[in-house]
Amino acid sequence: MWFAYKVDSSSAEFTVVWAARLIGAVDTGKLAAAWRSVLGNHDELRLRLLDSSAEPSRDYWPVDDMDMSIRVVAPEQLQLELESVVGRVFMLDKEPLADLALLRLGSQEHVLVLSAHHAVLDGRSLDIVIDNLFAAYDGRSGSPAGPSYRDYIEEEAAGSPDPSRVDRWVEELRLDEEEDESTPLGLPLQSLSQDKNAGTVRERLSPETWSAIRDLARSRRTTPHVVGLAAFALTLSRYRDTGSLLIGASMDTRSARFADTTGTFVNPVPVRLRDLAGASVADLVRGAHASLLRSYANRAIPFDQLVRRVHRGADAGTTPVFQVLFNFEPTRAIPDIAGVTVQPLDLPVRIAQYELTLTLREGGNAAELVAVFRRERHAEEDIRRLLNSVRSVLQRFAESDDARNELVVSAEERRHLLALGRGAGVVGDLRPIHEQVVDVAGRWPDRTAVVAGANSLTYSELARRSLALAHVLHGHGVGRQTRVGVHLSPSVDAVVAVLAVLRAGGTYVPLHPNDPQARIRAVLDDAGVDLLVTESTDIPGVTAVQPRHDAGHDASHVTLPEARPEDAVYVIYTSGTTGEPKGVVVEHASLANSTAARHMTYPGTHTFLLLSPLSFDSSMAGLWGTLSAGGCLVVAEADEIRDPRRILEIIRRHSVTTMLSVPALYASVLDAAERDAIDPAKSLSTVILAGESLPGATSAQHFAWHPDADLVNEYGPTETTVWSTFRRLRPGDRVDIGGPAPGSHLYVLDRHGNLMPRGAVGELYVGGERVARGYLGKPELTDRVFVRDPFAQEQSRMYRTGDWVRWNDDGALSILGRRDQIVKLRGHRVDLGAVESSTRSLQGVVDTAVLVAPNGATLEAFLVLDGERDVESLRARLGELLPPAMVPSVLHRVDRLPRTSRGKVDRDALMALRSSSAGDADRTAVASEAHGDALAAIHAAWCEVLEVPTVAHDVNFFDAGGHSLLVPLLQAEIEDRLDITIDIVELFSATTVAAQSAAFGRLTGTAEVSPVVDPRQARLAAAGRARRGRGEGAQ
């Protein structure tokens, strides 16, 4: 606490306050004398700390300097007065650390306020002081004062824990592989602020529930404290999707000898809980009881030892070892004073020492749950929902201690979650899609069906040409589900080709003409394609069929096969994260369902701009959704897609009403419109964005350019037939992926397939009629991600998307990252997608991709910038947005990001760019090495303290495994090696080897270049770590 004070002397984090309303005639003289008596009997209340060296020396303030104060306060000012007292900051080396004040509200009404620094008062000490105070006031003898706190200090110093015991305890506390500390509550952070401003949420437990909990505790020979811990642990484990947790507890380290001694005896003690998934109530309570006993047995192990050994919570802004605390407060006896009624007051909490402190507070025949949380980091509604889950779990504990069914998500919430994810039933034409297009051609033969460049076809022409080609294909042996490759640039011919394959009964396999030959060959071989509709003559091993054939010859004697709903309509290849092509087989029933759902969502006929190649499944939305409704499909040719100005020209020339694009391409269109002052086409009424994450800036830019056009954010893997969710955005809306599209069933599940509570992060599974058949020729992979849907009819399946999502307060899904982009760096789970999103939000960053560096311990970012930018300043700004473990250690500037033919970033090609940008990336290290002896000495000091062979010069001390309790050791090492004296606070202002070399090199006569730092943030980070006896308020 002394160390935290030296780093930030303005914090009220360790202020302890107790207050009570006194009704009746109070003898102020007797009360003041009683206070002096208490001060005389309990020396520790008069502790005086003298700043004489690195460690303060102890002395005592005279009793005369600590008399009770009396102030007259107007009743309406009482709340402000209490707020002021709660926020009081004690100056450890300048004033007494305990204070008693009597606030006079009237002749028969007072408020008594005892405030102190946690250095002299903990929860048990507070009870002793209050008991002794009122006993002395009544002339009674209170509990006798125990041995002095100094005796306790000497006793503690004389003994030391058995090293082998400490080793075993440290091993138990180490981070399990499945644990993820990046979201300690399993809830996404609303900000990365290091402020500790507290929010408070409460939930009442009814007398019936509380009585049942006490009965359960008695039947299991334990306490309500244990039952509460078990309920909280189970709830938190479900929110965090883990079977192992580390939760903090505040434990009294007094032995019986010091039972009546005042001072700080509270130690923060971690409680390791395991095997939480699938356990019965009885097993959960039994496990919590055993865990609490193990922690109690190890409560005397100094917390600083654990911090150094365990290396958990080393990032700035987080508390070491654990971030969540659980406390139990039994009913406190109300002091009894002759002639005066005492009514303890519930005081506001200003500071949240942890991400969350949950207290189960007993109050007579009932109880309440009180959550104190960091309100800048967590939304109150999320905490309220979490607390409500704990309350529900306690209620179900009370109902049956043998239950093994779902305890966190109630039956009512289960019904709500399933309804939330259930899309409307699909109505409309569900025949095979090509039959629908042929019917449209019969109804409106002269309508324009397809336009591409200078070429166009009416519906009758499209029908005749596709039928002619279908007969040619049939002549080559194409029948039901025969896979036929389509290798054509975006054109009228490409539309004819895919319709012809379907009319011949076949399954089309689209290939991108710009794909490398090796990729094309791999797809053809994997799909078993022998027949290819193409204009190319250099693809060996297949029979090539030209897309244009005479539509006038008579083939009426040939009967083409009819497609069945379960037949494959197309196979689209994706690469995923492995690079190996995977053919997704989609059936006619799924495509018809998807298209009918689009007609429900976007009714009417449209002039649709098709920007997606046929090898993208998003092309199905425009291709079949438009042609089956009698609309006009405008196909952008390859050269046009590359030029945003030409896209704008196409929209205006053809009076396009609807377009679908990936956000990056649409952003370039918006940029071009803004740059060239191009007004939006009045015809354009709907813009659909899909295929990648939609930045909020693109949404805002859209409405600034075309406020009258709808903007729809769609989401859907290829494996669920084009789309699964959609969100119609309005100006100012936060971007999410919305709710279920018609026919889709959405589930947010944990790793065991259980529904996650609303607001908690889980993996998105998609069920419904549009789930694809699977991966062609890959049964094991298919079985791994296409699984039985336990929430629907038997035989129904759902697809594991690999995307992390949560249901937000609007009843929509917020997407947070991908399972296959989660990497583990130095014990931290890092979502590369989240890092990319934050990097992309920086001014001047056009695009970015983030990879794990070859050393496997850090990240590297590749940036496309809009002009001359200082990459190191960008890295500093990233440090304001992301935890240190997520900040790339190296930034590479590149002209563009290499992409695959499908528009995805080519991460293998990125690594080849590393050497071309090495100059920028290594600039900091080269400059640092030029600084000479100071840098070498500081580097050696870091290695000594961190016990590592080397450390990068630009890595934050806390991210490299350091913590605040190691800072004094680092200070000593640097001072010894450079023969200088430094202020310890400077080590929190300069937190890298390079920064410290710059800061301290001046003291050795070496000129250095000082980096840009934020001292305030550094001090806040330090204050958040430096603790010895921690507890939330008075424990």
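Nothing in this text is a laboratory measurement; each read-out follows from the coordinates by a stated rule. Keep in mind that this is a model prediction, so the values were computed, not measured. FYI the Cβ positions are ideal-geometry reconstructions off the backbone, even for glycines, and counts take in every protein chain you see.
Taking a ≥ b ≥ c as the square roots of the eigenvalues of the Cα gyration tensor, segment 162-408 is rounded, since a/c falls below 1.5. Charged side chains reduced to their Cβ positions (Lys and Arg at +1, Asp and Glu at -1) give the chain a dipole of some 1940 debye around its Cα centre.
Counted residue by residue at 0.36 nm each, then reduced by the alpha carbon distance between them, the extension gain from residue 345 to residue 431 reaches 23.9 nm.
Within segment 374-484, the proportion of C-alpha pairs whose separation exceeds 20 Å stands at 70%. Each label point was placed 7 Å from the Cα along the Cα-to-Cβ direction; for residue 981 and residue 293 their separation is 5.4 nm. DSSP finds beta bridges in segment 48-192, and of those with both partners inside it, around 75 percent are antiparallel.
Site pair residue 12 and residue 710 shows an inter-label distance of 5.2 nm when each label is modelled 7 Å from Cα along Cα→Cβ. Of the peptides 9-17, 516-524, the ranking by mean beta-carbon count within 10 Å, highest at the top, reads 9-17, 516-524.
Which whole-number percent of Cα pairs in the chain have a distance greater than 56 Å? Every Cα pair in the chain considered, those over 56 Å come to 28 percent. Taking label positions 7 Å along the Cα-Cβ direction at both residue 530 and residue 69, the computed distance is 9.6 nm, reported to one decimal. With contacts taken as Cα pairs under 8 Å at a separation of at least 6 residues, segment 2-145 carries a relative contact order of 35 percent. Taking 16 Å as the cut-off, no amide N atom of segment 12-33 comes nearer than this to a point 7 Å along the Cα-to-beta-carbon line of residue 336. Straight Cα distances below 13 angstrom link residue 94 to the aspartates and glutamates 51, 59, 65, with same-chain residues fewer than 8 positions distant left out.
Exposure proxy ranking for 605, 657, based on other Cβ atoms within 10 angstrom of each Cβ and starting from the fewest, stands as 605, 657. Projecting the Cα atoms of 936, 282, 22 onto the charge dipole of the chain, computed from C-beta unit charges around the Cα centre, puts 282 farthest toward the positive end. Bridges between two residues of the chain, per DSSP, are antiparallel at a rate of about 70%.
Cβ crowding within 10 Å, taken as a proxy for footprinting-reagent exposure, orders 632, 943 from fewest neighbours to most as 943, 632. Each of the peptides 685-692, 646-653, 735-742 was scored by the mean count of other Cβ atoms within 10 Å over its residues; in descending order, highest first, they stand as 735-742, 685-692, 646-653. The value of relative contact order for the chain, using C-alpha pairs under 8 Å at least six residues apart, is 11 percent. Per-residue ellipticity at 222 nm, computed for the chain from helices alone with -39500 (n - 2.57) per DSSP H run of at least four residues, works out to -10000 deg cm²/dmol.
As a proxy for reagent exposure, ranking 319, 721, 253 by other Cβ atoms within 10 Å from fewest up yields 253, 319, 721.
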